[in-house]
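Any read-out appearing in this document is the output of simple, stated calculations on the displayed coordinates, not a laboratory observation. Worth saying up front: this structure is predicted, and the values here are computed from it rather than measured. Glycine also receives a Cβ, built like all others from the backbone with ideal geometry; neighbour counts cover every protein chain displayed.
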Number of protein chains: 2
Amino acid sequence: MKRYFIILTLPSLLFTTLTAQPITDSLKIIQYKEVAQQIVSSALKERKGYEALKNFCRIGPRLSGSRNSLIAINWAKNKMIELGFDSVWLQPVMVPHWERGTIQKAMIMNSKKFNGTELNILALGGSIGTPTEGIAANVIEVKSFAELEKRKDEAKGKIIFFSRAVDQSLLNTFRGYGSAVDQRVYGAIEGAKYDAVGVIVRSVTTKYDNVPHTGVMLYVDSLPGIPGVTVGYEDADLLSEALKEDPNLQLALQLNCKTLPDAKSYNVIGEIRGSEFPDEIIVVGAHLDSWDVGDGAHDDGAGCMQTIEVVDLFKRLNIKPKRTIRVVLFINEENGSRGAKEYGVYAESSEQIHLAAIESDRGAFNPVGFNVDTDSTKLIEKIESWLPYLKLAGISWVRKGGSGADISKIINAKLLIGYVPDNQRYFDIHHSSSDVFEEVHPREFELGTAAMAILVYLLSEEGL
Amino acid sequence: MKRYFIILTLPSLLFTTLTAQPITDSLKIIQYKEVAQQIVSSALKERKGYEALKNFCRIGPRLSGSRNSLIAINWAKNKMIELGFDSVWLQPVMVPHWERGTIQKAMIMNSKKFNGTELNILALGGSIGTPTEGIAANVIEVKSFAELEKRKDEAKGKIIFFSRAVDQSLLNTFRGYGSAVDQRVYGAIEGAKYDAVGVIVRSVTTKYDNVPHTGVMLYVDSLPGIPGVTVGYEDADLLSEALKEDPNLQLALQLNCKTLPDAKSYNVIGEIRGSEFPDEIIVVGAHLDSWDVGDGAHDDGAGCMQTIEVVDLFKRLNIKPKRTIRVVLFINEENGSRGAKEYGVYAESSEQIHLAAIESDRGAFNPVGFNVDTDSTKLIEKIESWLPYLKLAGISWVRKGGSGADISKIINAKLLIGYVPDNQRYFDIHHSSSDVFEEVHPREFELGTAAMAILVYLLSEEGL
């Protein structure tokens, strides 16, 4: 313990004695290293954000428009107040309000071997329901929209089974996800083009279990809406096998999900003000809403608690930032990005300068890198020059890349940065009942917090 | 699938047409990238090593000298034969034979509040048992050997409770482990110096649960042996609290573990012979034994299955290595390194050249880097120049560093290399009943296999 406190006091000394005149580069290096090391140590030892996540997850899932989402908004607001943020406020915004309802059933019929077999499904987010008595139809299995187009003459009156799995051979699971997610997002539109009556999509997941993974699906005004569901990986295999044996089997689908009128909701915003440049804002953001299954722990409860802890680390370590650090918890990332758009409009009209925005929305796994979304080589090199400090939290690289769905709406921000953790496990649990607190590893979570806190600290000290 | 097969055939073409004369550097780069990419894709898609691990773990733990260890030796030998290795053999070696026995109890006595409370303990590996009726003694809690030395006058007739926890503030958990493991390894020696009658050690773990983590403990001939046990993290806290309330409480310990005469055992060795330089050997090694709790999944069943799959990947992809690739599954890494020593002696007397040895014994988490154990900057730079290929499996760096406990005994090897996966989760489960197959992630495991296979392929092509 003693060693810890000695390290802890050094930087405050430096602050006190040296801020009156420009400090030399070598002293800056010492100061930055010490502060970065304190941030890592404090995050790993105290686990405050991780403990907060445990409580936050007890609320349950937080889909936009739901009662839970309002409880979570209130919880987050109170948490920021409790931690002593300088200002905390809610930014109102109307959000979509879709409800899963109480009935979601898929059963195989007219099959010798599989008759009566129920499949483990979830309605896709935004799906219309079926008529009360459900629908029943023959099924055609396709692997792609191109295959469906070729077989369009068979599609009328059928349920389309999109069964292409995630390409597991790719190192980056986000690319793997991208290799299959079109079926979930656009499947109902493609099916409706050829007069299909519903779609069932193999869950877009890297895990070979039977947990269905939901997510957004889209309709277009020019085509009728048809119900869309996703089926667990194992039951997708079962359905595929059943179709080989009985191409004429029917699938009965029953859903009572529905879209209600838009609901009032809020972004939760809190900040600590900069001591020298209070009108230069560094946003650290994550999204407060989640899908309506599991705890939304990795996606994106963890991001919310990490960004709150970034500010809390400044307070715990008594670091006074030169620039204002603002946590923005966006509502409605999952099915509309209304919160992000609303904040973007506000940022554009604000007289404050949005210096930088950092987003955490890729799970709370081990820190790997930071994506910097800019064409300025100079800015990328500047952030890259901080790697010696960021490495203390496990960051390996800084490179040009996409930032995040929410902060990308802050179009007048000088720099957008995406926090990139390891991705091997993310799509095992993403958008499913498996995305629970227990899947979050405390050290991995806290290293992510520390990585972002170090970056925010350096941005606050140096500006851009 | 079609694309896959096209890629698959290209390198064989290159091999056929180009091996007669030196191929140009740019063609080599194309060939190496293609082979590396095939290795990654095949490992991730087919998961053969991971599936083998599932079966291997069904054997149960594999402590040296145990019946299970012989079953595992036989299993591994048969697996190599089944996979079509060119040669498979067993190298006999005598190993220590310690048995945990059936009784391990620790109970608090003479305490108002905690009387009769049983603690969750495991005997430490190699501990002597207690007399049949057990022992009961007062306890003194210390955080270090230095503190014990200061309080040596109190130690006589007592049980010493070493309660220092792993330093969680460190990024590298191996360093955290190193910050506490002295208590487990040398605690009984330090206790015996001052006439203590037993030691109980807080488990050396990064997880705050109540699972005890065993591991080796040592005695010296010059001091009497005293029993040593480890206690789960939570029960260590409980004992600490109990001692604050009742410094005079007693701890009753009962163990019937014992050391039997050395037992006959074996290293399992299998190889595919090099087509051009069959007498240049590249060893890929792991240890076959484990502690006697859990499945020994990460430590080191995963390493064993990864090294076997390295060779299997060459066979699956029809890559003919120029140099001989030899899998060595060492026995007795955990409590004696007898297998490694025996293989080291054999390697020294062999007329074959041990070109390089690679070890996997740090868990089957995400690939991070390779430690190269040499003073030759040139050799390190050579391996580092392969990063563009190794990165395809997620490897971020190559640097000077320690290789591994087993291969370090091959003192005449030209180069020793340690495979380094991420370490955040390793000591959560290390040496405990939590080290089971389910804790191994298939993609992380397979990326490790692929990283080693790419390295072995390049060593085989290029030599040193």
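Details
- In percent, rounded to a whole number, the relative contact order of chain B is 21, using alpha-carbon pairs under 8 Å and six or more apart.
- Mean projected area in nm² (Cα convex hull; one quarter of hull surface) for region B:101-256: 8.7
- Summed side-chain charge close to B:W386 - residues other than B:W386 whose Cβ falls under 12 Å, Lys, Arg +1, Asp, Glu -1: 0
- Pairwise Cα inverse-distance average, inverted: Kirkwood Rh of chain B (Å): 23.3
- Selection of GluC sites (Glu not before Pro), region A:309-353, meeting DSSP coil and at most 14 other Cβ within 10 Å: A:E351
- Taking Cβ atoms as reference points and 12 Å as the exclusive limit, the residues near A:H441 contribute a net charge of -3, counting Lys and Arg as +1 and Asp and Glu as -1.
- The helix-only estimate of mean residue ellipticity at 222 nm for chain A, built from DSSP H runs of length n ≥ 4 each weighted as -39500 (n - 2.57), is -11500 deg cm²/dmol after division by the residue total.
- Estimated translational D of region B:316-432 in µm²/s (Stokes, Kirkwood radius over Cα pairs; 37 °C; 0.692 mPa s): 211
- In order along region B:318-327, the Karplus-derived 3J(HN,Hα) couplings, from 6.51 cos²θ - 1.76 cosθ + 1.60 at θ = phi - 60°, round to 6, 8, 9, x, 6, 10, 6, 10, 10, 8 Hz, and Gly and Pro are given as x.
- Of all chain A residues, the one whose C-beta is nearest the axis that brings A onto B, in angstrom: A:S396, 2
- Partners for B:K113 among lysines (Cα-Cα distance below 23 Å; same-chain residues under 8 apart left out): B:K105, B:K158, B:K244
- ³J(HN,Hα), Karplus 6.51/-1.76/1.60, whole Hz, each residue of region A:418-432, x for Gly, Pro: x, 6, 10, x, 4, 10, 4, 9, 4, 7, 5, 10, 3, 6, 9
- Here the 3J(HN,Hα) profile of region B:436-450, calculated from phi with Karplus coefficients 6.51, -1.76 and 1.60 at θ = phi - 60°, is 10, 3, 4, 7, 8, 8, x, 5, 5, 3, 6, 5, x, 4, 5 Hz, Gly and Pro shown as x.
- When all alpha carbon pairs of the protein assembly as shown are counted in 10 Å bins from zero, the resulting P(r) reads 2, 11, 18, 21, 21, 17, 8, 2, 0, 0 %.
- Around B:I73: net Lys/Arg minus Asp/Glu count, Cβ-Cβ under 12 Å: +4
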